[in-house]
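Written below as structure tokens is the structure these notes are about.
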Amino acid sequence: MAWFKKTRKPIEPQTDKSSRVPEGLWVKCPSCGQVIYNKELTINLQVCPKCAHHFRMNAADRLAMLFDNGQWTEHDADLRSTDPLSFTDTKPYRDRLRASIAATGRNDAVVSATGLIDGLPAVVAAMEYGFIGGSMGVVVGEKITRAIETGITQRAPVIVVCCSGGARMMEGTLSLMQMAKVSAALGRLDRAGLPYLSIMTDPTTGGVTASFAMLGDLHIAEPKALIGFAGPRVIEQTIRQKLPDGFQRAEFLLEKGMIDFIVDRREMKAAVARSLRIMMGLPPSAPPVPSTHATDA
């Protein structure tokens, strides 16, 4: 008799996607495991509110963080590599370039811009790690050199926000030449009596560290940033010794006198503005004027 049997129906897939939680709303901190709402992380400048782990930022966010009102004028945005060596490894370099341009919306791994920092005219070049690991090729060297020359012309300080895996092997010696090219431009900036600030973020390695990242009048690093020439694994395999804890991290370099100080990203703009005013012999900026509007009794 079938009257007492329950008819089992297969579970139908949910077609109404409006009730599903959209992907990308939450991020798990790799340091403390805290689950963070993405919008909260953005407001907090990509810093974990629980443990202060510094996530990586793109170049545009770096510029918005430093410049007054998040406004700047970009320069040399149209420069892009021509693949001078017609290089191919696991895939053609031209394909890597196209993929990086599509992913980042940038033509290469640095964005150079002018604007105001606490009311002071400044030139900032921010490196884009999402573009082939922020590697330094011909275009990166040319854009940073032009940024330095703009600083000399406009009598403005220059800041480079470093975030790079080093020289771009796909451009060979032409990439390595940028180390000398940018260093020579910094020599001209120094002779002009203008400050150069190097802000080192995670990671700052290879030919970038071996040149302009370590040539600043002032070296500022973000907490726990990896800073060095060869990576720790390469060094351990070469010397066959265990490296000290925290080796090549910002705190280790501060202890050894390689950098001047470490600044939390949320305090970076204030630290940069204060440093520029001191280096340029200017008075400190006035504190914000308190509101004078009437309040309810």
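The values are calculated or read from the model by the stated rules, or taken from the named source; none is laboratory data. Please read these numbers as outputs of a predicted model, since none were measured by experiment. So basically every Cβ, Gly included, is an ideal-geometry build from the backbone, and we count neighbours across all protein chains shown.
Got a sec? Which of I144, I148 is under 21 Å from D83 (Cβ atoms), β-branched (V, I, T), in contact with a strand residue (DSSP E or B) (Cβ under 8 Å, 6 or more places away or on another chain) and buried (at least 24 other Cβ atoms within 10 Å of the Cβ)?
The unique qualifying residue is I144.
Could you tell me which residue of region 143-165 is nearest to the chain's Cα centre (by Cα), considering only residues that are free of Cβ contacts under 8 Å to residues at least 60 places away in the same chain and under 24 Å from M57 (Cα atoms)?
C162
List the pairs whose first member sits in region 176-200 and is under 22 Å from A273 (Cα atoms) and in the same structural domain as P157 (by TED's automatic domain parsing), whose second member is among the basic types (K, R) and part of a helix (DSSP H, G or I), and whose Cβ atoms are under 9 Å apart, counting only residues at least 6 apart or on separate chains?
I199/R62
Can you find even one residue in region 227-244 that is surrounded by fewer than 17 Cβ atoms within 10 Å (Cβ to Cβ), touching a strand residue (DSSP E or B) at 6+ places or on another chain (Cβ under 9 Å) and at pLDDT below 95?
So far as region 227-244 goes, yes, one or more of its residues are surrounded by fewer than 17 Cβ atoms within 10 Å (Cβ to Cβ), touching a strand residue (DSSP E or B) at 6+ places or on another chain (Cβ under 9 Å) and at pLDDT below 95.
Please go through region 187-204 and give me each residue that is surrounded by fewer than 24 Cβ atoms within 10 Å (Cβ to Cβ) and on the phi < 0 side of the Ramachandran plot, ordered by number. It would help to see each step written out before you state the result.
Restricting attention to region 187-204, the residues satisfying the condition of being surrounded by fewer than 24 Cβ atoms within 10 Å (Cβ to Cβ) are 187-197, 202-203.
Listed by number, the residues that qualify are G187, R188, L189, D190, R191, A192, L194, P195, Y196, L197, D202, P203.
So, in region 64-82, how many residues would count as being of a type in the set (A, V, I, L, M) and in contact with a Gly (Cβ under 6 Å, 6 or more places away or on another chain)?
Here the count works out to 1.
Checking G105 against (1) closer than 24 Å to R56 by Cα; (2) touching a Ser or Thr at 6+ places or on another chain (Cβ under 9 Å), which single condition isn't satisfied?
(2)
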